[in-house]
1. If you go through the stretch 120-137 one residue at a time, how many are out of contact with any Phe, Trp or Tyr (no Cβ under 8 Å at 6 or more places or on another chain), within 21 Å of Arg89 (Cβ to Cβ), surrounded by fewer than 21 Cβ atoms within 10 Å (Cβ to Cβ) and not small (Gly, Ala, Ser)?
2. Just give me the residues in the stretch 124-149 being of a type in the set (A, V, I, L, M, F, W, C) and in contact with a strand residue (DSSP E or B) (Cβ under 9 Å, 6 or more places away or on another chain), in sequence order.
3. For the stretch 79-119, which positions are part of a helix (DSSP H, G or I), among the charged types (D, E, K, R) and surrounded by 22 or more Cβ atoms within 10 Å (Cβ to Cβ)?
4. Return the residue satisfying two criteria in turn: it lies in the stretch 103-120 and is without any contact (Cβ under 8 Å) to a residue 40 or more places away in the chain and in contact with a helix residue (DSSP H, G or I) (Cβ under 6 Å, 6 or more places away or on another chain), and of such residues it is farthest from Val65 (Cα to Cα).
5. Report those helices (runs of 4 or more DSSP H) wholly inside the stretch 1-78 carrying at least 1 residues which are surrounded by 21 or more Cβ atoms within 10 Å (Cβ to Cβ) and modelled with pLDDT of 90 or more.
6. Within the stretch 135-170, can you find the residues that are within 16 Å of Arg215 (Cβ to Cβ), among the polar types (S, T, N, Q) and either at pLDDT 95 or above or not in a helix (DSSP H, G or I) (or both)?
7. Filter the stretch 210-253 down to the residues that are more than 18 Å from the chain's Cα centre (by Cα) and within 30 Å of Ala46 (Cα to Cα), then identify the one that is surrounded by the fewest Cβ atoms within 10 Å (Cβ to Cβ).
8. Picking from Gly176, Gly196, Gly131, Gly200, which residue would you name as being at pLDDT 90 or above, of a type in the set (Gly, Ala, Ser), assigned to a loop (DSSP other than H, G, I, E, B) and farther than 27 Å from Gln78 by Cβ?
Amino acid sequence: MEQNISWRSTVALASIALCAIASAATATLASDPIALAIRHGNCSKAVGDLNAAIGLKDAPTALFVGGRMLDEGICVKQDRELATKFYARSMQLGDANAALEYAAKIGLGEGEPQDYLRAGDLCHTAGLDPGGRVSFYSLGYACTMRGVVGRMLRETLPKGAFRIPTSPAVVEFSPGSSQMRIVSMPNAERAEARTGANIGVPLVNTQEVIEKAWRAALMVVPKPDAANLGSEGLEMSIDMDLTLEAGRDDPRNTQNNGQLFIGDVHGTTSR
């Protein structure tokens, strides 16, 4: 029993640590000038500021934002392989969230050779499973699922579904069985109450959209080698923050109109 309590405590602490990382990124995005430019309908300024940051040694957040812009086609033409390079460079400059996104790219094989083992190593270094309970291979698969589910949610959730900044969801995932359980999730915003009603209906059913995205992600990520997967449960956060995505539908933002000067962005292939 003491061992089980110790494990639960370790998992809880790991979950708190990951949520802290995700929440810190959310808070940073809320005040980041590039993100603010997108939200204010100024793609030209966002792309200009990002170009100015490329090559700097103190701009990890800008490069992380650039990776997400490229990954989702926000203000620039979507290029998921180029996004990998932005995440890699941001990770080199110390951004933990960029490291998690870069690891998911390696798990997918987008812009890097597909490798769950390497992805797990990077995710562990970035703060996922600090106690080392699961193998790096299992961790790499889980981390890839985390990244794909977050991206799917951010791309498909309706505008205004959650208050910005948005708290992450936390799920428990068993790589061996592919079973997922939602531990916690942000509360959806409510539509305006109809006449005679006291409270409006939530804009989305948060549990349903997370479960739907999870099922879709299982079909997208490369099928892992079952012999290398463990049955241990792993808690991890899912980034549902729509700070950047809130500007996607702004009529002042012309999609895919930006050009990035990418010569000074160098991805990493070091192992």
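1. Counting residues in the stretch 120-137 that are out of contact with any Phe, Trp or Tyr (no Cβ under 8 Å at 6 or more places or on another chain), within 21 Å of Arg89 (Cβ to Cβ), surrounded by fewer than 21 Cβ atoms within 10 Å (Cβ to Cβ) and not small (Gly, Ala, Ser) gives 1.
2. Step one: filter the stretch 124-149 for residues of a type in the set (A, V, I, L, M, F, W, C), giving 126, 128, 134, 136, 139, 142-143, 145, 148-149.
Leu128, Val134, Leu139, Ala142, Cys143, Met145, Val149 - these are the residues of the stretch 124-149 that are of a type in the set (A, V, I, L, M, F, W, C) and in contact with a strand residue (DSSP E or B) (Cβ under 9 Å, 6 or more places away or on another chain).
3. Selection gives Lys85, Arg89, Glu101, Lys105.
4. Our first condition is that a residue be without any contact (Cβ under 8 Å) to a residue 40 or more places away in the chain; within the stretch 103-120, this holds for 106, 110, 113, 115, 117, 119-120.
Now restrict to residues that are in contact with a helix residue (DSSP H, G or I) (Cβ under 6 Å, 6 or more places away or on another chain): 106, 110, 115, 117, 119-120.
On the way: Ile106: 19, Glu110: 18, Asp115: 24, Leu117: 26, Ala119: 21, Gly120: 23 Å.
In this case the residue turns out to be Leu117.
5. Working: elements: 2-31, 33-39, 43-53, 60-72.
It comes to 33-39, 43-53, 60-72.
6. Answer for the stretch 135-170, where residues must be within 16 Å of Arg215 (Cβ to Cβ), among the polar types (S, T, N, Q) and either at pLDDT 95 or above or not in a helix (DSSP H, G or I) (or both): just Thr144.
7. So, considering only residues that are more than 18 Å from the chain's Cα centre (by Cα) and within 30 Å of Ala46 (Cα to Cα), the one surrounded by the fewest Cβ atoms within 10 Å (Cβ to Cβ) is Pro251.
8. Details: Gly196 fails: at pLDDT 90 or above; Gly131 fails: at pLDDT 90 or above; Gly200 fails: at pLDDT 90 or above.
Checking each option against the conditions leaves just Gly176.
The values are calculated or read from the model by the stated rules, or taken from the named source; none is laboratory data. Every value quoted in this text rests on a predicted model; they were computed, and no experiment measured them. As a convention, Cβ positions derive from the backbone with ideal geometry for all residues, glycine included, and neighbour counts pool all protein chains shown.
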